[in-house]
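The values are calculated or read from the model by the stated rules, or taken from the named source; none is laboratory data. Computed from a predicted model, the values in this text were never measured in an experiment. All Cβ positions, even for glycine, are placed from backbone atoms using ideal geometry, and neighbour counts span all protein chains on display. In case anyone asks, the SASA skips ligands and DNA or RNA and just uses the protein heavy atoms, side chains included. Shrake-Rupley method; radii C 1.70, N 1.55, O 1.52, S 1.80 Å.
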Amino acid sequence: MKWPEELVNEAEKNMEPYDVEGFVLGSGDEKADIMIVGEAPGENEAVKGRPFIGRAGDELNKHLDYAGLSRNEVYITSVVRSRPYKWVDTNKKGSGGRRKANRKPNQKEIDAHAHLLDYQIAEMDPKIIIALGGVAYQRLTGKKDKMTDVIGQSFQVPVQKKRGTGYELTEKTYTIIPLYHPAAVFYNPRIKDTIWESLDHLKSEIEKNSRRKE
Ligand code: URA
């Protein structure tokens, strides 16, 4: 994707006050009908500059595979493009060591990179936007639904884009499908069945969408 330099510079400058590192713009097919929006890069992604290449990435690959998709036929991006971190003590007792741990992006960080996602959506004009987890779902729709209430459903809705200090809704509507973030299963293995069911719904939504084009 050709990025206007001033947009990227603005995003990097907006983010300067916060504890984040790295910068990942996205990867995949920019002409794809499906855009996947994650939360923010983790450690591996921040180092390599590519989305979903760590443990969550392996899980995402499994999910895509199940849904009959490969990574090069979708475009993968995220709400925030840098890894938000916090300092935590290492486990070694009395070592005094500290390490960086991932954390969820806060609203200011989401705002700081909002124009990047707005630009990508407008440029790509995807038919389907998969929101991986609550951060992506809320950023896109502005809705505060619980993920358990919306998982795997499809919503024909406008998306939020940044305007001034707040957000407005696009005139256009998109098919938004919220899925659990692939890392969610690491913390809560009980959601496994729901994950596969949501991927079945995704599969049928993709089939419907490709029939519409025939
Ligand atoms: N989580 C995300 O949302 N994106 C990544 O690239 C990795 C983990």
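Roughly how much of THR148 is accessible, in Å² to the nearest 10, using a 1.4 Å probe?
Roll a 1.4 Å probe over it and THR148 shows about 90 Å².
In the chain, what percent of the accessible surface is made up of carbon and sulfur (1.4 Å probe, ligands and nucleic acids excluded)? Walk me through the numbers on the way to the answer.
On the way: 5290 of 11690 Å².
Reported share for carbon and sulfur atoms: 45 percent.
Return one quarter of the surface area of the convex hull spanned by the alpha-carbon atoms of the stretch 11-120, equal to its mean projected area, in nm².
Approximately 7.9 nm², given one-decimal rounding.
Tell me which residues come under 5 Å, amide H to amide H, from ILE36 once H is placed; ignore anything under 5 positions away on its chain.
TYR75, ILE76, THR77, ILE130
Taking LYS93 as the anchor, which lysines have their alpha carbon closer than 30 Å to its alpha carbon, excluding any fewer than eight residues away along the same chain?
Filter leaves LYS104.
Averaging sequence separations of C-alpha pairs under 8 Å and six or more residues apart, then dividing by the length of the stretch 5-213, give the relative contact order as a whole percent.
21
Excluding same-chain residues fewer than 8 positions from LYS192, which lysines have a Cα within less than 18 Å of its Cα?
Partners found: LYS62, LYS146, LYS203.
Separation between the ASN91 and ASP125 pseudo-spin-labels, each 7 Å from Cα along Cα→Cβ, expressed in nm?
5.1
For the stretch 5-157, what is the accessible area per residue in Å², given a 1.4 Å probe and the full set of protein chains? Numbers along the way, then the final one.
Numbers: 7740 Å² over 153 residues.
That works out to 51 Å² per residue.
How much length is gained on full extension from THR165 to ASP58, taking 0.36 nm per residue of separation minus their Cα-Cα distance? The partial results should precede the final answer.
Values: separation 107, 0.36 × 107 = 38.52 nm, distance 3.62 nm.
Between THR165 and ASP58, full extension yields 34.9 nm more.
Taking loop as defined by DSSP and a crowding limit of 16 other beta carbons within 10 Å, which trypsin sites (Lys or Arg not before Pro) in the stretch 112-169 fit?
On the way: sites: LYS127, ARG139, LYS143, LYS144, LYS146, LYS161, LYS162, ARG163; in loops: LYS127, LYS143, LYS144, LYS146.
Here the trypsin sites (Lys or Arg not before Pro) that fit, given the DSSP loop and packing criteria, are LYS143, LYS144, LYS146.
Kindly provide the GluC sites (Glu not before Pro) of the stretch 36-125 that DSSP labels as loop, not H, G, I, E or B, and whose Cβ sees at most 12 other Cβ atoms within 10 Å. Before the final figure, lay out the partial values.
Details: sites: GLU39, GLU43, GLU45, GLU59, GLU73, GLU109, GLU123; in loops: GLU39.
Sparse-neighbourhood loop GluC sites (Glu not before Pro): none present.
Could you go through the stretch 116-126 in sequence order and give the Karplus-derived ³J(HN,Hα) for each residue, using 6.51 cos²θ - 1.76 cosθ + 1.60 with θ = phi - 60°, rounded to whole Hz, and x for Gly and Pro?
My calculation for the stretch 116-126 gives 5, 5, 4, 5, 5, 5, 5, 5, 7, 6, x Hz in order.
Distance between Cα centroids, the stretch 1-42 to the stretch 159-209: provide it in whole Å.
If you average the Cα positions of each part, the centres end up 19 Å apart.
Working from the alpha-carbon coordinates of the stretch 165-205, get Rg over Rh, Rh being the Kirkwood radius.
On the way: Rg = 14.5 Å, Rh = 12.6 Å.
Result for the stretch 165-205 is an Rg/Rh of 1.15.
Rounded to whole Å and ordered largest first, report the semi-axes of the equivalent ellipsoid of the chain derived from its Cα gyration tensor (root of 5λ).
On the way: eigenvalues 149, 97, 50 Å².
Equivalent ellipsoid semi-axes, largest first: 27, 22, 16 Å.
Using 1/(1 + (r/R0)^6) with R0 = 45 angstrom and r between the beta carbons of ASN9 and GLN156, what's the FRET efficiency to the nearest 0.05?
Working: r = 35 Å, r/R0 = 0.77.
With R0 = 45 Å, the Cβ-Cβ based efficiency is 0.80.
From the phi of every residue in the stretch 158-167, what ³J(HN,Hα) in whole Hz does the Karplus formula 6.51 cos²θ - 1.76 cosθ + 1.60 yield, where θ is phi - 60° and glycine or proline is x?
x, 10, 7, 10, 5, 9, x, 8, x, 10
With the contact rule set at Cα under 8 Å and sequence spacing of 6 or more, what percent relative contact order holds for the stretch 71-138? Please list the in-between numbers first.
Values: 44 pairs, mean separation 21.0, N = 68.
Computed value for the stretch 71-138: 31 percent relative contact order.
Quick one: Cα centre-to-centre distance for the stretch 90-108 and the stretch 136-158, in angstrom?
Each part's Cα centre sits 30 Å from the other's.
For the chain, with the dipole built from +1 on Lys and Arg beta-carbon atoms and -1 on Asp and Glu ones, taken about the Cα centre, which of TYR119, ASN14, SER95 lies farthest toward the positive end?
Among TYR119, ASN14, SER95, the one farthest towards the positive end of the dipole of the chain is SER95.
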